[in-house]
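Below is one structure, written out as structure tokens; the observations come after it.
The values are calculated or read from the model by the stated rules, or taken from the named source; none is laboratory data. Only a predicted model underlies this, so the values are computations on that prediction, with no experimental measurement involved. Quick reminder, even Gly has a Cβ in these numbers, built from the backbone with ideal geometry, and neighbours come from all protein chains shown. Ligands, DNA and RNA are excluded from the accessible area calculation, which covers all protein heavy atoms including side chains. Shrake-Rupley method; radii C 1.70, N 1.55, O 1.52, S 1.80 Å.
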Amino acid sequence: MENYLGLLRIHVKRGVNLAIRDISSSDPYVVVQSGKQKLKTRVVKHSVNPEWNDDLTLSVTDPNLPIKLTVYDYDMFSADDKMGDAEFHVGPYLEAIKFRNQLGPGLPSGTIITKIVPSRKNFLSEESHIVLNQGKVVQNMFLRLQHVECGEVEIQLEWIDVPGAKGI
């Protein structure tokens, strides 16, 4: 792949106050999609505050392509119910990595490289920090779900350089 930039590891941590889609709870899982790539977490039974802690890895070819996250309620005997969706862009995260690479080594772990504030143009429910964590640049996000009455999903982004990839 000549446009292959590298890999993006999306650590899907947890859901918070997700919508109830069964009688008293839900069986949620998350689908992450970018272009033709589609990955999903495991199902957590009977929870509106699930802890997934699943790592999903996407190959990144176009940094301008949004990454869509959709939460579903698993149903054994009927179609799964949609529990909301959100999307995010990796552009600001990749810019922070470039900036950190320009600075070189020596920054202490915990250094905040940049902050992204919630706005009407993004799905953030609180300020997102892109930080240096043990030599790696990571971004933590709480995404507010849309098309649903309530719910947020917490994720963390981590970039993986791959030998032979075009890089950022």
Cleavage-rule hits, chymotrypsin sites (Phe, Trp or Tyr not before Pro), the range 1-72, DSSP coil, Cβ neighbours within 10 Å at most 15: Tyr4
Dipole of the range 56-168, positive end: most advanced residue of Gln102, Ser59, Pro118 [Cβ charges, Cα centre]: Gln102
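What is the percent carbon and sulfur in the accessible area of the chain, measuring with a 1.4 Å probe over the protein chains and ignoring ligands?
50 percent
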Rounded tilt (10° steps) of 91-103 against the dominant C-alpha axis of the chain: 30 degrees
Rounded to the nearest 10 Å², the accessible area of His129 at probe 1.4 Å: 60 Å²
Principal semi-axes in Å for the chain [√(5λ), Cα gyration tensor, largest first]: 30, 17, 13
Loop-located trypsin sites (Lys or Arg not before Pro) in the range 1-109 whose Cβ has at most 16 other Cβ within 10 Å (DSSP): Lys36, Arg42, Lys45
Of Lys98/Lys136; Lys115/Lys136; Lys68/Lys115; Lys38/Lys136, those spanning more than 18 Å from alpha-carbon to alpha-carbon: Lys68/Lys115; Lys38/Lys136
Net charge dipole size for the range 26-94 [Lys, Arg +1 and Asp, Glu -1 on Cβ; Debye, nearest 20]: 200 debye
Per residue accessible area of the range 1-155, 1.4 Å probe, in Å²: 55 Å²
Cubic angstrom per residue, convex hull over Cα atoms of the range 96-168: 121 Å³
Cα pair distances in the range 30-96, grouped into 10 Å bins until the bin that holds the longest one, percent each: 18, 47, 27, 8, 1
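Add +1 for every Lys or Arg and -1 for every Asp or Glu among the other residues with Cβ under 12 Å from the Cβ of Asp81, and state the total.
Taking every other residue near Asp81 into account, the sum is -3.
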Net length gained if the chain between His147 and Thr114 were fully extended (0.36 nm per residue, minus Cα distance): 9.0 nm
Unit charges at the beta carbon, dipole of the range 124-165: most positive-side option, Val162, Leu143, Ile130: Val162
Within the chain: Cβ-based charge dipole about Cα centre, in debye rounded to nearest 20 (Lys, Arg +1; Asp, Glu -1): 460 debye
Solvent-free Debye scattering, log10 I(q)/I(0), computed from the Cα coordinates of the range 1-40 at q = 0.20, 0.23, 0.24, 0.26 Å⁻¹: -0.79, -0.92, -0.96, -1.04
